[in-house]
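Contents: one structure, followed by commentary.
The values are calculated or read from the model by the stated rules, or taken from the named source; none is laboratory data. All values derive from a computational prediction rather than experimental measurement. Quick reminder, even Gly has a Cβ in these numbers, built from the backbone with ideal geometry, and neighbours come from all protein chains shown. Surface accessibility is based on the protein's heavy atoms, side chains included, excluding ligands, DNA and RNA. Shrake-Rupley method; radii C 1.70, N 1.55, O 1.52, S 1.80 Å.
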Amino acid sequence: MPNEKALPKEEGVDHTLSLLKEGYLFLANRRNTLNSKVFETRVLGKKAICLSGKEAADLFYDNKKFIRHGVVPERVIQTLFGKGGVQGLDGEEHTHRKKMFMSVMTKERLQQLADITGQQFAMAVDKWRSQEQVVLFEEMQLLLTKVACEWAGVPLSKDQIQKLSKDLTSLFETPAAVGPRNWGGRMSRNRIEKSLIELVEAIREEKVTVSADSILSIFATHRDLDNHLLDKHVVAVEILNILRPIVAVSIFVNFLALALHNYPEDRKKLETGDPAYAQMFIQEVRRFYPFFPFTGATTKESFTWKGYDFEEGTLTLLDLYGTNHDPDEWENPDKFLPERFKDWKESPFSFIPQGGGDFVMGHRCAGEWATVEILKVCLDYLVNKLTYTMPPQDLSYSMSDIPSIPKSKIILTNVEPIKG
């Protein structure tokens, strides 16, 4: 017998254009208008159930109720994720592939990542001191491209850095774009995948020797559930799923610098070198500022939740940004308050800047720990290892741009390392 409780519903034929216009606030605006954390709308020509909040995230990451295969729009596959990657897998296949990623997120490897980031940051500062101005977003893209390739074991020559950095950045800057910009992102992915496929072929044919314990080697020799080597194209996609997210941390670094500028009292607390406060500050940057707007899945079966009927095969969107600003979970969610994380009881569903749920069995981003380690190093440099001036500039950021960054991309002048 059908459930009589009707989903709050946004009327209209399709709201894709509104999604592109409103960006990060698209779901939150409708949640507020309809006064419900679960509601129905239409995007991409489909009925979509939208969810927000901790309880909704807990539901969304239930692998018995939702699947990811076939959900991501082609424009996002062709730019951000690639075909055959871990994000679009379900069941045992997803668990097996996710274990490959988690196997390279050990404490030792993450420390190695932090060390490489520190070395590259020191070299960058040495270069920046001779520059009239530094555009932080662009410089961090270059820096993190070097970090990502060195950590993954991907060969990178000096003459490749600029081009690869631009191509990697294009992958996360163009999925929400239309027309030529989106096509440019597709071309960038094609170029990188082609070079990585050739590299994987050379490794398998023993024409190129790489360290057996490198991430590149581990991925190139990984076997699927049937004990077959992964298709070389899939290996290229998964290596990009290491490189691309590391370069995307440049977005968070920009927001680190913005927060340090906007909240000088918090900066003074960071100058004490307290690692606990640094951790709180980083987590608040990740909660407060926009990164991923939402994520999607399809209902695996029909079920009822909180009196609402979910039909099998229904597109479902989880509001990541809105959940991180949910007033039911976060006191004064629109205020920047690092201290909120002092006694925070870690939850895989209320704090979801890079997705939620379990790392190994679920779809939470495998690189979240890597993100935090990189940000620790970058924050330490920005606060304690260099001095700089932020001249007048446009520090505003748009909630309709995906991804969103300060308009000026954070311009620094008079950059100097702190001696000692």
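With the simple model of a label 7 Å out from the Cα in the direction of the Cβ, residue 311 to residue 413 spans 6.1 nm. For the residues 127, 65, 54, a GNM of the chain with alpha-carbon springs under 10 Å puts the largest fluctuation on 127.
By the helix-only formula, in which each DSSP H run with n ≥ 4 contributes -39500 (n - 2.57) and the sum is divided by residues, the chain has a 222 nm mean residue ellipticity of -14000 deg cm²/dmol. The protection proxy used here, the mean number of other Cβ atoms lying within 10 Å of each residue, ranks peptides 13-21, 308-316, 371-379, 25-33 as follows, highest first: 371-379, 25-33, 308-316, 13-21.
For the chain, the carbon plus sulfur part of the accessible surface works out to 52%, probe radius 1.4 Å. Residue pairs exceeding 25 angstrom between C-alpha atoms, taken from 269/419; 5/65; 64/194; 37/64; 146/409; 9/407: 64/194; 9/407. For the pair residue 205 and residue 399 in one chain, pulling the backbone fully straight at 0.36 nm per residue adds 65.1 nm over the alpha carbon distance. Between residue 29 and residue 267, the simple label model (points 7 Å from Cα in the Cβ direction) yields a spacing of 3.4 nm. A 1.4 Å probe run over the chain, with the rest of the protein chains in place, finds 46 Å² accessible per residue. Using a/c under 1.5 as the rounded threshold, could you call segment 1-81 rounded, prolate or oblate? The axes a ≥ b ≥ c are square roots of the C-alpha gyration tensor eigenvalues, and prolate needs a/b larger than b/c, oblate otherwise. Judged from the Cα gyration tensor, segment 1-81 comes out oblate (a/c at least 1.5, b/c at or above a/b). Packing, as the average of other Cβ atoms within 10 Å across residues, places the peptides 195-208, 226-239, 331-344 in the order 226-239, 195-208, 331-344, highest first. Cross-link check: pairs 21/300; 46/376; 21/345 evaluated at a Cα-Cα cut-off of 32 Å; pairs beyond the cut-off: 46/376; 21/345.
For the chain, the relative contact order works out to 26 percent when only alpha carbon pairs closer than 8 Å and six or more residues apart are counted.
The chain gives an Rg/Rh value of 0.96, both radii derived from C-alpha positions and Rh following Kirkwood.
GNM remark for the chain: springs join alpha carbons under 10 Å apart, and the peak mean-square fluctuation among 188, 211, 408 falls on 211.
Local charge for residue 78 was computed over the other residues whose Cβ lies under 10 Å away, with Lys and Arg +1 and Asp and Glu -1, and equals +3. What shape does segment 283-420 take by its C-alpha gyration tensor, where a ≥ b ≥ c are the square roots of the eigenvalues and a/c under 1.5 counts as rounded, a/b above b/c as prolate, and the rest as oblate? It is prolate, given that a/c is not under 1.5 and a/b is the larger ratio. Each Lys or Arg adds one and each Asp or Glu takes one away; over the other residues whose Cβ falls under 11 Å from the Cβ of residue 409, this sums to -2. Annotation: amide H of residue 39 within the under-5 Å range of 50, sequence separation 5 or more or interchain, hydrogens built in the peptide plane. Highest mobility in the GNM of the chain, judged by mean-square fluctuation with C-alpha springs under 10 Å and restricted to 73, 245, 403, is found for 73. Would segment 158-251 count as rounded, prolate or oblate if I go by the C-alpha gyration tensor, calling it rounded below 1.5 in a/c and otherwise prolate when a/b exceeds b/c, oblate otherwise? Taking the square roots of the gyration eigenvalues as a ≥ b ≥ c, segment 158-251 is prolate. If you take all other residues with their beta carbon under 14 Å from the beta carbon of residue 130, and give Lys and Arg +1 and Asp and Glu -1, the sum is -2.
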